[in-house]
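Below is one structure. I have some questions about it.
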Amino acid sequence: MKKTMSLLIVLMFAITFISCVLSERKIQDQGAKLLTQQELVEIFSNELSVSFNTKSGTADGIYSPDGTQKIMWSGGGDEGSYKINNGLFCSKWDNTRGGKEECYKIYQTTDNKYIWFKLNGSYDSEMVIK
């Protein structure tokens with residue numbers, strides 16, 4: 001019984017990992033473009049008002065050129081900072097994620113739509129610039 005349960009857990013992890021990789025591969029195959037360091041710097045060099053769609057809901061955010069960020073969702077919000085480093089967007093919130101920094105790869109899908117992926121390849125969110 002223990003072997004069966006262990007095998008099931010490993011199998012579920014493998015399927016989850018493969019589906020995450022395929023999700024990123026899928027948007028690449030559909031023509032989404034991974035943003036470069038320079039493109040990220042250009043996009044975030046102006047104040048941005050954005051909306052996010054995530055697995056857990058929606059939120060609105062503001063990114064300022066000085067590296068500060070604010071996010072608001074139904075019933076709450078947070079503030080923090082971000083930086084762009086080696087072609088990645090890295091953010092740290094005052095409270096969200098326990099204040100730990102997390103970095104993302106960002107793909108552009110249309111003029112104002114972007115898909116964010118965590119470094120492990122899992123989907124994080126879709127951002128729309130308002």
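The values are calculated or read from the model by the stated rules, or taken from the named source; none is laboratory data. As the structure is a prediction and not an experimental result, all values here were calculated from the model. Glycine gets a Cβ as well: all are built from the backbone with ideal geometry, and neighbour counts include every protein chain shown.
List pairs: first in the stretch 100-117 and within 17 Å of residue 130 (Cα to Cα), second of a type in the set (Gly, Ala, Ser) and in a strand (DSSP E or B), Cβ under 7 Å, 6+ apart or cross-chain?
116/125
Next question. Give the residues of the stretch 112-130 that are part of a strand (DSSP E or B), touching a Leu at 6+ places or on another chain (Cβ under 8 Å) and among the aliphatic types (A, V, I, L, M), sorted by residue number. Spell out how you get there, then give the answer.
Going through the stretch 112-130, the residues part of a strand (DSSP E or B) turn out to be 113-118, 123-129.
Among the residues that remain, those that are also touching a Leu at 6+ places or on another chain (Cβ under 8 Å) are: 114, 129.
Scanning the stretch 112-130 gives a single hit, 129.
Pairs, please: C-beta under 7 Å, at least 6 apart or cross-chain, first residue among the hydrophobic types (A, V, I, L, M, F, W, C) and in the stretch 50-61, second in a loop (DSSP other than H, G, I, E, B)?
Here the result reads 50/130, each pair linking the stretch 50-61 to a residue that is in a loop (DSSP other than H, G, I, E, B).
Please work out which residue is surrounded by the fewest Cβ atoms within 10 Å (Cβ to Cβ), limiting yourself to the stretch 10-44 and to residues that are hydrophobic (A, V, I, L, M, F, W, C) and at pLDDT 50 or above.
Initial filter on the stretch 10-44 (hydrophobic (A, V, I, L, M, F, W, C)): 10-15, 17-18, 20-22, 27, 32, 34-35, 40-41, 43-44.
From what is left, the residues that are at pLDDT 50 or above are 27, 32, 34-35, 40-41, 43-44.
Details: 27: 18, 32: 18, 34: 15, 35: 20, 40: 16, 41: 13, 43: 17, 44: 19.
Looking at residues that are hydrophobic (A, V, I, L, M, F, W, C) and at pLDDT 50 or above, I get 41.
Could you tell me whether any residue of the stretch 82-90 is over 14 Å from the mean Cα position of the chain (by Cα), among the basic types (Lys, Arg) and either surrounded by 13 or more Cβ atoms within 10 Å (Cβ to Cβ) or assigned to a helix (DSSP H, G or I) (or both)?
No, the stretch 82-90 has no match at all.
Still on this model: Quick test for you: out of 70, 55, pick the one residue that is within 16 Å of the chain's Cα centre (by Cα) and either among the small types (Gly, Ala, Ser) or over 17 Å from residue 126 (Cβ atoms) (or both).
70
Moving to a separate point now. Considering only the stretch 22-80, state which residues are over 17 Å from residue 128 (Cβ atoms), among the small types (Gly, Ala, Ser) and part of a strand (DSSP E or B).
76, 77, 80, listed by residue number.
For the stretch 54-72, name all the residues that are at pLDDT below 95 and not hydroxyl-bearing (Ser, Thr, Tyr).
Taking the stretch 54-72 first, the residues at pLDDT below 95 are 54-57.
Listed by number, the residues that qualify are 55, 57.
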